[in-house]
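> For reference, the structure I am asking about is given below.
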Amino acid sequence: MGSGSFVSSRVSGIADTGTTLLYLPDSVVRAYYAQIKGAQNSRSAGGYVFPCSATAPSFTFGVGSARYTIPGSFMNFGEAESNLCFGGLQSSSDIGVNIYGDVALKAAFVVFDGSSSPRLGWASKKL
Amino acid sequence: MVHLTNTLLAATLAQAGLAVALPPRIGTVVDNAGPGKTSIKQVRNPNHKFNGALSVYKTFLKYGRTPPAHLEAAVANITASNLARRATGSVAATPVDSNDAAYLSPVSIGTPAQVLNLDFDTGSSDLWVFSSETPSAQRNGQAIYTASRSSTSKKVSGASWNIQYGDGSSSSGDVYQDKVTIGGLTVSSQAVEAAQKVSASFTQDSDTDGLVGLAFSDINTVSPRQQNTFFDNAKSSLDSPVFTADLKYHAGKYPIYHLRPDAEGRTS
């Protein structure tokens, strides 16, 4: 996150263009929002929010040895309640599956190989 | 325009020349990249007001989980206050307002072409649309598909589809084969699932006329015979059975590339 070091832990999930946000395990999500002063998990807003005036750090995920960085600006989904903005990264723990929704897909060029051995390819691009 | 070689790249791929300006409003013409390949520009929905609680709520439903009670309460509260603030725009009949559909792409169905703005979804496998068979009480300004106005439509006798969500809301209807064109890529006989019933959240989303499912065809909900997705049907006309998603912050594009050499043997 931001300029911190990359911590490797396997997180498999679904690449879903039809889901807006990025859903990852609680532990990852809490560590991310701990970087933003005033961020909290808001029950009334329905998820993690952070002060709209804050600069959200970037979030980098890896596919194999490649790295894709979601700029902090992609993580801000606008005001949810009184100067708190809704976060683009939310917890998947209750959903039961991690989801690489639009927030993550926007940070890469993604190739869906529908051949008899289906593959998913990720490439970096100028954002 | 990005050019792919025959080797799928999982490493760095430079992308030059793509417009990063704000995309056109819904209704503007789609980008045709040339014979055998197609490129679909997504369009920005200017009416979109993101509702975080609703977005998370719908993700629970999509993946078959019951949303926690506090999340339902958050959705109801926020949606109600959003409606109160809205001075113009469509009038919602029920409190659940699905306004997290931020990116839509125009798709042509039938002959002459009926153009609908559909949500491209790699998480599902049904191409379904609002139709002339959707009761008017369940419609709220969406463009509809009218099979009887298409000379190339054929009803799939006895077929039906039904997508169910965890809270019991659903969309369902009957099935037609018709010509579907996305960008310059045409499938002459694609299963087009016409809605005869849609849930409130779809009704409220006035700008989304339906979905194009791009996941594996084995989760298509048509019965008794499952149908192929647009991509599965289009594959044989593509040199490489590949589509790409190049979503941009405040813009978006689903290009589908061909890798077939042209008459002179050049690959592009």
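The values are calculated or read from the model by the stated rules, or taken from the named source; none is laboratory data. Keep in mind that what you see is a predicted model, and the values were worked out from it rather than measured. Here Cβ is always computed from backbone atoms with ideal geometry, including for glycine, and neighbour counts include all displayed protein chains.
> Given the conditions (1) outside any strand (DSSP E or B); (2) under 24 Å from B:S125 (Cβ atoms), report the number of the one that A:I99 does not fulfil.
With respect to (1) outside any strand (DSSP E or B); (2) under 24 Å from B:S125 (Cβ atoms), A:I99 is out only on (1).
> Evaluate segment B:210-228: report whether one residue or more is more than 27 Å from B:G64 (Cβ to Cβ) and without any contact (Cβ under 8 Å) to a residue 40 or more places away in the chain.
Among the residues of segment B:210-228, not one is more than 27 Å from B:G64 (Cβ to Cβ) and without any contact (Cβ under 8 Å) to a residue 40 or more places away in the chain, which makes the answer no.
> Let me ask you something else. Working only within segment A:5-25, note down all residues that are away from chain B (no Cβ under 14 Å) and either modelled with pLDDT of 90 or more or closer than 20 Å to B:G52 by Cβ (or both).
A:P25
> So, of the residues in segment A:27-57 that are in a strand (DSSP E or B) and within 14 Å of another protein chain (Cβ to nearest Cβ), which turns out to be surrounded by the fewest Cβ atoms within 10 Å (Cβ to Cβ)?
A:Q40
> Need the failing condition index for B:K248 against (1) away from every other protein chain (no Cβ under 13 Å); (2) modelled with pLDDT under 90, just the number.
Checking B:K248 against (1) away from every other protein chain (no Cβ under 13 Å); (2) modelled with pLDDT under 90, the one that fails is (1).
> Could you please let me know if A:G2 is at pLDDT below 95, assigned to a strand (DSSP E or B), in contact with a strand residue (DSSP E or B) (Cβ under 9 Å, 6 or more places away or on another chain) and surrounded by fewer than 16 Cβ atoms within 10 Å (Cβ to Cβ)?
Answer is no for this residue.
> Quick one: A:K37 ticks every box in (1) without any contact (Cβ under 8 Å) to a residue 12 or more places away in the chain; (2) more than 26 Å from B:V242 (Cβ to Cβ) except a single one, so which number is it?
Going through (1) without any contact (Cβ under 8 Å) to a residue 12 or more places away in the chain; (2) more than 26 Å from B:V242 (Cβ to Cβ) one by one, A:K37 breaks only (1).
> Residues in segment B:44-100 that are within 19 Å of A:E81 (Cβ to Cβ), surrounded by fewer than 18 Cβ atoms within 10 Å (Cβ to Cβ) and modelled with pLDDT under 65: how many?
Of the residues in that region, 8 qualify.
> Against the definition (on the phi > 0 side of the Ramachandran plot, surrounded by fewer than 22 Cβ atoms within 10 Å (Cβ to Cβ) and at the interface with chain B (Cβ under 7 Å from one of its Cβ atoms)), how does A:G96 come out, yes or no?
Yes, satisfied.
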